[in-house]
Amino acid sequence: MGPANYPPAIDIESTIQKPTFEGYTRQTKFKTKDFSEAWNLPSAFQQQGAMFIIPTQLGMFDEVFMRWESITKNLVSLQGFTDSQAKMEFIENLLGESKKLAWIQWRMAYPDEYQLLLANTDRARGTQNILSQLRTIFILKDPFQGSTGMQEEAYKDLERLSCNNLKHIIQFLNDYMRLASKMGRLFTSPELSEKLWSKTPEELGKRIKDAFESKYKGNTIGVIPRILFSYKYLEAECKDAAFKRALKDLSFCSEIPIPRYYNKPERKYGVRRSTTYKGKPHSSHARIEKRKHLVRNKRCKCYLCGEEGHFARECPNDRKKHKEGCNV
């Protein structure tokens, strides 16, 4: 077991096309910036250490083990062990219940490998050897000992990553930074730096790229600086959008005198609306009925004479008066 290293991922041919730009949304909600400074960095647990438990979200195993690995290295460096067996038992007791049982079973099944590991536990390099063996027991690979499985998986995830909607640009930048760091290719070539621009919506990526290259001329490698610059660029765009929205009202213009506009009293002309109009005053006005009333079959019947085609108030027959008298 040699010194810790982190090899880069193997080249994988990209099949992802550039996403199309979908445009901006009409309504925008601006978020208030918090200046309270009430935030904390995660604790390093350098004094008390931490137990290693595999998370229920199994996809987070690499991140959880890597953080526990850093905590354990800091904790072991403060102990000053002179006995290899004592260091081994100390790290073994930092494992959770089921993980500790798995380690004990490996130790019993492979005594020769365990003795070889025990002979290479001196100093910081020995601590890394123990942690690398633990990782190998759980996932059969360790990136610090030459394995590239985690790096290649991150490479594939980054190839599938794209941002088709500007609404998710911040989440996209965070995911890109996380995957690019796990690939192990941050400083091997300008590939990841250029790929960041191509995976953002085309017009936005081109604008941020031009702004970055004009400010940092000659820089070709650096994913994290480009991501932070993209965030600052978007923050400036949000400030400009908020200013334009506030300026759109222009209600303050009534308080600012400008040439050619003078406060002269002018008479306003307009059409006076009538307040006494009651409709057509003559009986010859043509009354246009609606089509639904014209096509309706009218079968009205007079209750005085019994004939169809008119009502009682319009009855032309002489029997009308006779029946009226009878009704009275």
Task: Criterion: part of a loop (DSSP other than H, G, I, E, B) and surrounded by 15 or more Cβ atoms within 10 Å (Cβ to Cβ) - qualifying residue of Ile221, Ile208, Ile227 - done: Ile221
Open item on the list: Out of the residues in the range 52-80 meeting the condition of being loosely packed, with under 13 Cβ neighbours inside 10 Å and closer than 19 Å to Asn129 by Cα, tell me which one is nearest to the chain's Cα centre (by Cα).
Closed with: Leu78
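For (1) assigned by TED's automatic domain parsing to the domain that holds Asp157; (2) surrounded by fewer than 15 Cβ atoms within 10 Å (Cβ to Cβ); (3) not in a helix (DSSP H, G or I), each residue gets a yes or a no:
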{"site": "His168", "(1), (2), (3)": "yes, yes, no"}
{"site": "Asn174", "(1), (2), (3)": "yes, yes, no"}
{"site": "Leu179", "(1), (2), (3)": "yes, no, no"}
{"site": "Lys182", "(1), (2), (3)": "yes, no, no"}
{"site": "Phe187", "(1), (2), (3)": "yes, yes, yes"}
{"site": "Leu192", "(1), (2), (3)": "yes, no, no"}
{"site": "Leu196", "(1), (2), (3)": "yes, no, no"}
{"site": "Leu204", "(1), (2), (3)": "yes, no, no"}
{"site": "Glu213", "(1), (2), (3)": "yes, yes, no"}
TODO: Could you tell me which of the residues Ala286, Ala246, Ala241 is more than 30 Å from Pro8 (Cβ to Cβ), modelled with pLDDT under 85 and in a helix (DSSP H, G or I)?
DONE: Ala246
Open item on the list: Condition first: at pLDDT 90 or above, among the hydroxyl-bearing types (Ser, Thr, Tyr) and in a helix (DSSP H, G or I). Can you find one or more residues in the range 39-60 that meet it?
Closed with: no
TODO: Considering each of Leu131, Leu117, Leu101 in turn, give the residue that is farther than 28 Å from Arg178 by Cα, surrounded by 18 or more Cβ atoms within 10 Å (Cβ to Cβ) and of a type in the set (A, V, I, L, M, F, W, C).
DONE: Leu117
- [ ] Please state which one of Ser214, Ser193, Ser230, Ser198 is out of contact with any helix residue (DSSP H, G or I) (no Cβ under 9 Å at 6 or more places or on another chain) and of a type in the set (Gly, Ala, Ser).
- [x] Ser214
Open item on the list: Would you confirm, using the coordinates I've provided, whether Ile208 is more than 20 Å from Met177 (Cα to Cα) and free of Cβ contacts under 8 Å to residues at least 60 places away in the same chain?
Closed with: no
Open item on the list: Against the condition under 28 Å from Gly59 (Cβ atoms), part of a helix (DSSP H, G or I), assigned by TED's automatic domain parsing to the domain that holds Asp83 and aliphatic (A, V, I, L, M), how does Leu131 come out, does it pass?
Closed with: yes
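The values are calculated or read from the model by the stated rules, or taken from the named source; none is laboratory data. These numbers were taken from a predicted model, which means no experiment stands behind them. Cβ: placed from backbone, ideal geometry, glycine included. Neighbour counts: every protein chain shown.
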